[in-house]
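These notes are about the structure you will find just below.
The values are calculated or read from the model by the stated rules, or taken from the named source; none is laboratory data. All values derive from a computational prediction rather than experimental measurement. Glycine also receives a Cβ, built like all others from the backbone with ideal geometry; neighbour counts cover every protein chain displayed.
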């Protein structure tokens, strides 16, 4: 057995001094200080009084470290996986962008070739298809050339090609979107609302067709609008009105200011609000140029002010942040407690995707995907399946 001792476990909204025992890649015991480390023959890892939690779970990632999942080759996927692990992410959900049929199928094929990921990097929980069935007026950085309406033949082919699609972001107000929501539910796929101009009334209708999650709250979506003089609530207001809806935020300190992060944290709460990087290829790069999407068909973007922007600087183009930055920002700017911030990057995203029995919490019998960090959420060590894969 390996015992990680001298740690403060951040779990279930609490911070508890304890020791974690690991055997055969899984958590074998959680005990009071001194119980495991005092046993003869136990290999001890000193946590040096730092904090320990389940590894971060990022359910919306496009790329990082110079690569994008739309590159659709195993080398790119491996690099993204190992890049994000260094910042505490032990499991992630690769995310596509709007593309033509061939581009999307290539990304899905790459996922199937990777399986659950790579031993030395973050594992893959499943795939997130973002688009191409979006509202043209809310495409944001999604390439408008590929925005289109849902076609049953197309999305059925994609699901058959990749049974590991976990979530799909769609504008629910466009023709065919509600029927698609019904179909996704039969396949165990979570229909998500994003890049959409839906009114609150249209969101209410979408709830009846399986839509249960909002993709990057506030970004590329409707808020209060006036039609013929009458005001209508939009998706942003729906996030606060409907308890059936969960939401995600890009807590990089750029997409949303601290006041809006704090509002979402206080009113939606850590059980329905999760943190995502929405990281693109340039994650980890602080300035210069990059490409959003695949190398062959992606869009040029500019990296400045801590975020990726389209060349005209009228819209952001994904984020360049890592999961540790999300937690720091949510605490420092969003007013969250450390236990709540950790919950929003571990247990809550797992629950949103229906995976709470498999991942997202530190429990005996679970895989030992663990991250050790200091009070400023700088990553010290990362364990994946009980093996130390990164040490500062």
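Here residue 3 clears all of (1) in a loop (DSSP other than H, G, I, E, B); (2) touching a strand residue (DSSP E or B) at 6+ places or on another chain (Cβ under 7 Å) except the condition numbered (1). Out of all the residues in region 26-36, is one or more without any contact (Cβ under 8 Å) to a residue 12 or more places away in the chain, over 30 Å from residue 300 (Cβ atoms) and surrounded by fewer than 16 Cβ atoms within 10 Å (Cβ to Cβ)? Taking every residue of region 26-36 in turn, none turns out to be without any contact (Cβ under 8 Å) to a residue 12 or more places away in the chain, over 30 Å from residue 300 (Cβ atoms) and surrounded by fewer than 16 Cβ atoms within 10 Å (Cβ to Cβ).
Selection within region 86-99: residues that are farther than 14 Å from residue 125 by Cα and touching a residue at least 40 places away in the same chain (Cβ under 8 Å). The member of this set that is surrounded by the fewest Cβ atoms within 10 Å (Cβ to Cβ) is 86. Scanning region 293-309 for residues that are touching a residue at least 12 places away in the same chain (Cβ under 8 Å), surrounded by fewer than 24 Cβ atoms within 10 Å (Cβ to Cβ) and either out of contact with any strand residue (DSSP E or B) (no Cβ under 6 Å at 6 or more places or on another chain) or under 26 Å from residue 56 (Cα atoms) (or both) yields a total of 8.
Residue by residue, here is whether (1) in the same structural domain as residue 221 (by TED's automatic domain parsing); (2) surrounded by 18 or more Cβ atoms within 10 Å (Cβ to Cβ); (3) within 29 Å of residue 240 (Cβ to Cβ); (4) without any contact (Cβ under 8 Å) to a residue 60 or more places away in the chain holds:
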site	(1), (2), (3), (4)
156	yes, no, no, yes
169	yes, yes, yes, yes
185	yes, no, yes, yes
190	yes, yes, yes, no
193	yes, yes, yes, yes
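This table checks each residue for (1) buried (at least 24 other Cβ atoms within 10 Å of the Cβ); (2) assigned to a helix (DSSP H, G or I).
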site	(1), (2)
341	yes, yes
361	no, no
371	yes, no
376	no, no
382	yes, no
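Give the number of residues within region 328-339 that are on the phi < 0 side of the Ramachandran plot and surrounded by fewer than 24 Cβ atoms within 10 Å (Cβ to Cβ).
Taking region 328-339 as the starting set, the residues that turn out to be on the phi < 0 side of the Ramachandran plot are 328-334, 336-339.
Okay, now just the ones that are also surrounded by fewer than 24 Cβ atoms within 10 Å (Cβ to Cβ), so 328, 331-333, 337-339.
Here the count works out to 7.
Across region 6-18, the qualifying residues are those that are on the phi < 0 side of the Ramachandran plot and either outside any strand (DSSP E or B) or touching a residue at least 40 places away in the same chain (Cβ under 8 Å) (or both), and the one among them that is surrounded by the fewest Cβ atoms within 10 Å (Cβ to Cβ) is 14. Where strands (runs of 3 or more DSSP E) sit wholly within region 206-258, those with at least 2 residues that are in contact with a strand residue (DSSP E or B) (Cβ under 6 Å, 6 or more places away or on another chain), assigned by TED's automatic domain parsing to the domain that holds residue 137 and under 28 Å from residue 183 (Cβ atoms) occupy 246-250.
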